[in-house]
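Report on one structure; see the data block that follows.
The values are calculated or read from the model by the stated rules, or taken from the named source; none is laboratory data. Treat the numbers as computed from the prediction; the structure is a model and nothing was measured. So basically every Cβ, Gly included, is an ideal-geometry build from the backbone, and we count neighbours across all protein chains shown. In case anyone asks, the SASA skips ligands and DNA or RNA and just uses the protein heavy atoms, side chains included. Shrake-Rupley method; radii C 1.70, N 1.55, O 1.52, S 1.80 Å.
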Amino acid sequence: MKISDILQKEKIGLSCELFPPKTGSQLGNVKEVVKEMAQLKPSYMSITYGASGGTSEYTVNIADEIQNTNHIPALAHLTCVSSTREKVHDVIRQLKESKIDNILALRGDIPSETDFPLPEQYRYASELIYDIKSMGDFCIGGACYPEGHPESGSIREDLVYLKEKVDAGCDFLTTQMFFDNNIYYNFMYKLLQKNITVPVVAGIMPVTNAVQIKRIIALSGNMLPARFQAIVERFADEPAAMRQAGIACATEQIIDLIANGVNHVHIYTMNRPDVAGEIFGNLSEIFIRK
Ligand code: FAD
């Protein structure tokens, strides 16, 4: 089922993100995570793709497991900047064979020069979108950045390219995580001004681990509101308390979004069905799936 149809039909929907294993020996564990997560009945489940080849090998395999074994629509991420067209086309063909309708088309982060030489066949996600469109009737998603992409000179410049990307054929967008809902509301206003009207799924990261959040903030350049900062500082050395506070904050953030008319939230669940389960449980009367 296409995510564009799900976003149109569902009143309120929650989706989850997983990452694939790095090695074949971990495949069984991740499939177990998929099974547990599927029992929560998310609207769809997305599976990431390692830009530098690290975890890309198993993305199609896990997408297939999500959709064809667990019967939840799968969204397969696909990055292009580190790949050749041949490799990218091969993955698209595999997805088609597995009847995966949904692809999140991404450029991927540019690896440092010392990692490996880039094939330089793709520069931006919009080029990947053209290729996907030429290869089948896929529903295509794109990434967007309420606080601006870290490489962009300004949010204004980022929005010019976002508009180009959407016009290339995005059916929906998913946001980078944000911790202050006002940033998202403000961003939605800017999208309207740019005449970007595709559905925008809000990406929420439950912060259950102080080390993880410091790394993410450093990489993404995201703003951590003072309220969150205090929680991370207070509970950094108390893992159980940090986990509980993180789940409470993510729940509260999602309730505020839904109360303000946002109908679709994507949770960066980081292969933690326990965390996802508690958040879904906290929202059980708000998010009802038969
Ligand atoms: P693009 O849309 O191509 O944008 C990249 C930069 O180039 C931006 O600064 C943009 O403003 C600029 N730009 C775009 N077009 C042009 C143009 N024509 N001329 C000049 N500048 C331009 N990474 C992974 O490796 N694997 C994943 O599975 C993954 N999943 C993600 C899921 C989500 C929801 C998000 C938000 C990010 C994800 N990422 C993933 C990270 C993503 O790959 C990086 O943020 C990457 O740096 C940018 O990817 P993009 O698709 O947004 O790039």
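Got at least one residue in the stretch 161-172 being in contact with a Cys (Cβ under 7 Å, 6 or more places away or on another chain) and either open to solvent by 10 Å² or more (accessible area, probe 1.4 Å) or within 14 Å of the ligand (Cβ to nearest atom) (or both)?
Yes, because at least one residue in the stretch 161-172 is in contact with a Cys (Cβ under 7 Å, 6 or more places away or on another chain) and either open to solvent by 10 Å² or more (accessible area, probe 1.4 Å) or within 14 Å of the ligand (Cβ to nearest atom) (or both).
GLU120 passes all but one of (1) closer than 20 Å to ARG85 by Cβ; (2) of a type in the set (D, E, K, R); (3) more than 7 Å from the ligand (Cβ to nearest atom); (4) not in a loop (DSSP other than H, G, I, E, B); which number fails?
That leaves (4) as the condition not met.
Output the residues belonging to the stretch 3-21 that are part of a loop (DSSP other than H, G, I, E, B) and surrounded by 14 or more Cβ atoms within 10 Å (Cβ to Cβ).
GLU10, ILE12, PHE19, PRO20, PRO21
In the set THR55, THR48, THR79, which member is modelled with pLDDT under 95 and either within 13 Å of the ligand (Cβ to nearest atom) or crowded, with 22+ Cβ neighbours inside 10 Å (or both)?
Exactly one of THR55, THR48, THR79 is modelled with pLDDT under 95 and either within 13 Å of the ligand (Cβ to nearest atom) or crowded, with 22+ Cβ neighbours inside 10 Å (or both), namely THR55.
Looking at the stretch 123-140, which of the residues that are in a loop (DSSP other than H, G, I, E, B) and within 15 Å of the ligand (Cβ to nearest atom) is nearest to ILE100 (Cα to Cα)?
So, considering only residues that are in a loop (DSSP other than H, G, I, E, B) and within 15 Å of the ligand (Cβ to nearest atom), the one nearest to ILE100 (Cα to Cα) is TYR124.
Need a quick list: helices (runs of 4 or more DSSP H) entirely within the stretch 173-290 having at least 3 residues that are farther than 21 Å from SER15 by Cβ, modelled with pLDDT under 95 and open to solvent by 50 Å² or more (accessible area, probe 1.4 Å).
In the stretch 173-290, the matching helices (runs of 4 or more DSSP H) lie at 210-220, 226-235.
Tell me, please, whether a residue that is within 17 Å of the chain's Cα centre (by Cα), open to solvent by 10 Å² or more (accessible area, probe 1.4 Å), under 20 Å from VAL265 (Cα atoms) and within 13 Å of the ligand (Cβ to nearest atom) can be found in the stretch 62-73.
Within the stretch 62-73, not a single residue is within 17 Å of the chain's Cα centre (by Cα), open to solvent by 10 Å² or more (accessible area, probe 1.4 Å), under 20 Å from VAL265 (Cα atoms) and within 13 Å of the ligand (Cβ to nearest atom).
Report, ordered by the first and then the second residue, all pairs with beta carbons closer than 6 Å, sequence separation of six or more or different chains, a first member in the stretch 85-113 that is within 20 Å of LYS165 (Cβ to Cβ), and a second member that is open to solvent by less than 90 Å² (accessible area, probe 1.4 Å) and basic (Lys, Arg).
Filtered contacts from the stretch 85-113: ASP101/LYS2.
Only one of (1) touching a Cys at 6+ places or on another chain (Cβ under 8 Å); (2) β-branched (Val, Ile, Thr); (3) more than 9 Å from the ligand (Cβ to nearest atom) fails for ILE155. Which number is that?
Here ILE155 clears every test but (1).
Residues in the stretch 131-146: is at least one open to solvent by less than 10 Å² (accessible area, probe 1.4 Å) and of a type in the set (Gly, Ala, Ser)?
Looking through the stretch 131-146, at least one residue is open to solvent by less than 10 Å² (accessible area, probe 1.4 Å) and of a type in the set (Gly, Ala, Ser).
When the residues of the stretch 82-91 are narrowed to those that are within 15 Å of the ligand (Cβ to nearest atom) and over 13 Å from GLY108 (Cα atoms), which ends up surrounded by the most Cβ atoms within 10 Å (Cβ to Cβ)?
Only one residue fits best here, namely VAL91.
Yes or no: LEU40 outside any loop (DSSP other than H, G, I, E, B) and not polar (S, T, N, Q)?
Considered against the rule, which asks whether it is outside any loop (DSSP other than H, G, I, E, B) and not polar (S, T, N, Q), LEU40 comes out as no.
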